[in-house]
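Heads up: the structure comes next, in structure tokens.
The values are calculated or read from the model by the stated rules, or taken from the named source; none is laboratory data. This structure is a prediction, so every number in the text was calculated from the model and none was measured. Every residue, glycine as well, gets a Cβ built from its backbone with ideal geometry; the counts of neighbours run over all protein chains shown.
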Amino acid sequence: MLAALISILTTTGIVLSLVRETVLFFQEVPIGDYLFGTKWTPLFEPASFGVLPLISGTLLITGIGMLVAIPLGIAAAIYLAEYARPGVRKVIKPVLELLAGVPTIVFGYFALTFFTPQILQGLGLDVGVFNALSAGIIVGFLIVPTVASISEDAMSAVPASLREGAFGLGASKLQVTLRVVFPAALSGIVASIVLGISRAVGETMVVLVAAGLVPYLGLDPREPAETMTAFIGATAKGDISTGSIAYKTIFAVGTTLFVITLIMNLISIRFVRKYRQVYE
């Protein structure tokens with residue numbers, strides 16, 4: 001009970017600290033201009049507070065990351081849960097999860113100094129030093145362990161009797177995996193994907209280093225982009241006065257990010273509860 005209460009109090013404190021400054025921000029900036037504006041220059045004159053370029057950059061990099069993480073993560077989970085021998089699983093899974101322990105700043109500089117110049121530009125892609133494509137792909141690699149580990153746990157939890165029944169009906173190993181185990185573990189797999197999306201949306205250092213701090217409203221991944229977390233990280237370390245409109249902007253963007261993540265988590269919880277399989 002004490003541990004649960006500490007979690008509740010911490011969350012409440014975060015919300016209160018965000019809401020207080022956000023309310024003050026919207027007393028100076030119309031909420032319509034903030035939510036539907038297409039120009040983001042809060043630190044320049046004349047200032048403009050349209051958050052759509054930040055949301056666009058966040059969703060673009062998150063989308064690229066998930067295009068990388070979902071197939072790799074689920075394929076790794078299928079192999080570990082259904083095909084790998086116990087000895088191989090004991091080695092591969094900890095090594096895979098080790099990626100989650102690498103500092104994200106390392107991933108950021110890997111994207112900036114190696115992946116973009118050596119891989120993307122080496123393939124002839126027309127990308128600059130800073131671009132959303134490199135940041136998105138590396139964010140995808142960053143969240144592969146999250147998707148793979150949780151999906152593997154969900155698939156391993158499927159009762160062996162379901163597999164044995166399918167094999168008894170003459171199904172092949174691939175048919176059992178895709179038509180029996182995968183649907184039975186679907187709620188856990190979807191939860192891992194949504195958790196991965198939340199992780200990608202909240203990633204800061206990779207996008208701060210590799211994506212470029214240029215607000216971009218568009219879908220071209222070759223362009224530099226700025227995410228909400230990158231703006232918060234870059235602005236919070238700058239010389240801005242407490243109580244200024246620039247200072248309040250950090251909290252407004254943080255509140256927006258918090259609401260987006262909360263909505264995704266609520267959707268995930270609803271989906272998991274609707275499709276959860278319960279076995280005796």
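Details
- Restricting the stretch 254-280 to residues that are part of a loop (DSSP other than H, G, I, E, B) and in contact with a helix residue (DSSP H, G or I) (Cβ under 6 Å, 6 or more places away or on another chain), the residue that is modelled with the highest pLDDT: Arg276
- Pairs meeting the criteria (first residue in the stretch 72-95 and without any contact (Cβ under 8 Å) to a residue 12 or more places away in the chain, second residue surrounded by 20 or more Cβ atoms within 10 Å (Cβ to Cβ), beta carbons under 8 Å, at least 6 apart or on different chains) are Arg89/Leu80.
- Residue list for the stretch 223-253, filter: part of a loop (DSSP other than H, G, I, E, B) and modelled with pLDDT under 90: Lys237, Gly238, Asp239, Ile240, Ser241, Thr242, Gly243, Ser244
- When Glu226 is tested against the conditions (1) closer than 20 Å to Glu28 by Cα; (2) buried (at least 20 other Cβ atoms within 10 Å of the Cβ), the lone failure is (1).
- Any hit, the stretch 165-178, residues being of a type in the set (Gly, Ala, Ser) and touching a Leu at 6+ places or on another chain (Cβ under 9 Å): no
- Restricting Leu266, Leu208, Leu257, Leu262 to residues that are of a type in the set (A, V, I, L, M, F, W, C), more than 22 Å from Asp33 (Cα to Cα) and within 14 Å of the chain's Cα centre (by Cα) narrows the list to Leu262.
- If you go through the stretch 83-115 and keep only what is hydroxyl-bearing (Ser, Thr, Tyr) and under 22 Å from the mean Cα position of the chain (by Cα), you end up with Thr104, Tyr109.
- The residues of the stretch 105-155 that are farther than 21 Å from Thr58 by Cβ and among the β-branched types (Val, Ile, Thr), listed by number, are Val106, Thr113, Ile119, Ile150.
- Taking (1) without any contact (Cβ under 8 Å) to a residue 12 or more places away in the chain; (2) closer than 27 Å to Thr116 by Cα; (3) touching a Lys or Arg at 6+ places or on another chain (Cβ under 9 Å) in turn, Lys237 satisfies each apart from (3).
- Checklist (1) more than 27 Å from Thr261 (Cα to Cα); (2) part of a helix (DSSP H, G or I) applied to Ile197, failing item: (1)
- Top-ranked residue in the stretch 105-118 [being surrounded by fewer than 18 Cβ atoms within 10 Å (Cβ to Cβ) and either touching a Lys or Arg at 6+ places or on another chain (Cβ under 7 Å) or in contact (Cβ under 8 Å) with a residue 24 or more places away in the chain (or both); ranked as nearest to Ala200 (Cα to Cα)]: Ile105
- Residue that is in a helix (DSSP H, G or I) and either crowded, with 21+ Cβ neighbours inside 10 Å or of a type in the set (Val, Ile, Thr) (or both), where the choices are Val190, Val127, Val158, Val214: Val190
- Picking from residues in the stretch 1-60 that are touching a Leu at 6+ places or on another chain (Cβ under 7 Å) and not in a helix (DSSP H, G or I), the one that is surrounded by the fewest Cβ atoms within 10 Å (Cβ to Cβ) is Thr38.
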